[in-house]
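Since every read-out is calculated from the coordinates, none of them should be taken as a lab result. In this text, all values refer to a predicted model and were calculated from it rather than measured experimentally. Cβ: placed from backbone, ideal geometry, glycine included. Neighbour counts: every protein chain shown.
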Amino acid sequence: MRLDIISAVPELLDSFFQNSIVKRAQDKGHVEVHIHNLHDYGIGKYKQIDDYPFGGGAGMVLMIEPIAQLIRQLQAERTYDEIIYTAPDGERFNQKTANTLSMAENLIILCGHYKGIDERLREIFVTKEISIGDYVLSGGELAASVISDAIIRLLPGVLGDETSALTDSFQDNLLAPPVYTRPSEWEGHRVPDILLSGHDAKIQDWRHEQAVERTQQRRPDLLS
């Protein structure tokens, strides 16, 4: 997979993509991540990328020309499955969307900033708009990081245990069951006996029952 991320503040992304699972995924060749500084495509002597909104009002708007130029340059080099825009009014990001996007070959993620991007970019170029929650961030870089992490960890070979991602919360519209590790007893609190039994089928049944119960208690909306 190849991820091209367009950002007005690319420095915000550097640390995230140089650590942990996403770094190892790149080192192993499972994903290519290319971060593009929008200022490199800015207009005029001062590399302008934003301007005042027509009609007045507070805030600035990312201009159409720098973004369009960069997207067209990338599209001339390869075909993209989706051009994603991170926006508060996009569709709510969830595990199902992450699963779908993880099967793509090439993705562009455009980070929102200021008051947003010129609407014509959304009409002409953007194919998918994603929000990570009902709140507003200073920029879309954090959202792009969240989306990227959720996608990359699903790629074959990224996680040490291939089945790990399949048992995460939300994969089957259930929250994950409780998990335990050593010691089996700590200050009078003991791990459930079933997990120490070695009986795989019964353990799986127990985990499913616990997942359903936890979902009913904490996120009943998932069951509906």
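Add +1 for every Lys or Arg and -1 for every Asp or Glu among the other residues with Cβ under 14 Å from the Cβ of LYS47, and state the total.
Here the charged neighbours net out to -3.
Please report the antiparallel percentage of DSSP beta bridges with both residues in the chain, rounded to the nearest 5.
20
Label points 7 Å out from Cα along the Cβ direction at THR79 and ILE203: separation in nm?
Distance between label points: 4.5 nm.
Could you give the nm distance between label points at ARG190 and GLU91, where each point is 7 Å from its Cα heading toward the beta carbon?
Here the modelled spin labels are 4.9 nm apart.
Please list the non-local residues whose amide H lies under 5 Å from the amide H of SER131, H modeled 1.01 Å from N, same-chain partners needing a gap of 5 or more.
Answer set, sorted by chain and number: ALA87, GLY90, GLU91, ARG92, PHE93.
Hey, how many Å between the Cα centroid of the stretch 83-117 and the Cα centroid of the stretch 20-38?
The distance from the Cα centre of the stretch 83-117 to that of the stretch 20-38 comes to 17 Å.
Of all the C-alpha pairs in the stretch 72-116, what % are more than 11 Å from each other?
72
Stokes-Einstein diffusion coefficient for the stretch 27-102 at 4 °C in a medium of 1.567 mPa s, Rh from the Kirkwood formula over Cα pairs: what value in µm²/s? Walk me through the numbers before you get to the answer.
Numbers: Rh = 15.5 Å.
Estimated diffusion coefficient is 84 µm²/s.
Let me have the relative contact order for the chain, percent, based on Cα pairs under 8 Å that are six or more residues apart.
Over the chain, the number comes to 20 percent.
log10 I(q)/I(0), Debye, Cα-only the stretch 2-152, no solvent, q = 0.08, 0.16, 0.20 Å⁻¹?
With no solvent term, the Cα-only Debye profile gives -0.21, -0.86, -1.36.
Against the 2.2 N^0.38 Å scaling, with N counting residues, where does the stretch 83-224 land? I'd like the Cα-based Rg ratio to two decimal places. Walk me through the numbers before you get to the answer.
Values: Rg = 19.5 Å, N = 142, 2.2 N^0.38 = 14.5 Å.
The value comes to 1.35.
Once you list every other residue whose beta carbon is under 14 Å from the beta carbon of VAL9, what net charge do they have if Lys and Arg are +1 and Asp and Glu are -1?
-4
Estimate the FRET efficiency between THR181 and ASP221 by the formula 1/(1 + (r/R0)^6), using the beta-carbon distance for r and 35 Å for R0, to the nearest 0.05. Working shown, then result.
On the way: r = 30 Å, r/R0 = 0.86.
The calculated FRET efficiency here is 0.70.
In nm, to one decimal, how far is the modelled label at THR100 from the one at LYS47, with both set 7 Å along Cα→Cβ?
Going from the THR100 label point to the LYS47 one covers 3.6 nm.
Quick check on the exposure proxy: order ARG207, ARG120 from fewest to most C-beta atoms within 10 angstrom.
Details: ARG207 18, ARG120 10.
The most exposed by this proxy come first: ARG120, ARG207.
Can I get the semi-axes of the stretch 169-223's equivalent ellipsoid? Compute them from the C-alpha gyration tensor as square roots of 5 times the eigenvalues, in angstrom, largest first.
Numbers: eigenvalues 111, 37, 14 Å².
So the equivalent ellipsoid measures 24, 14, 8 Å along its semi-axes.
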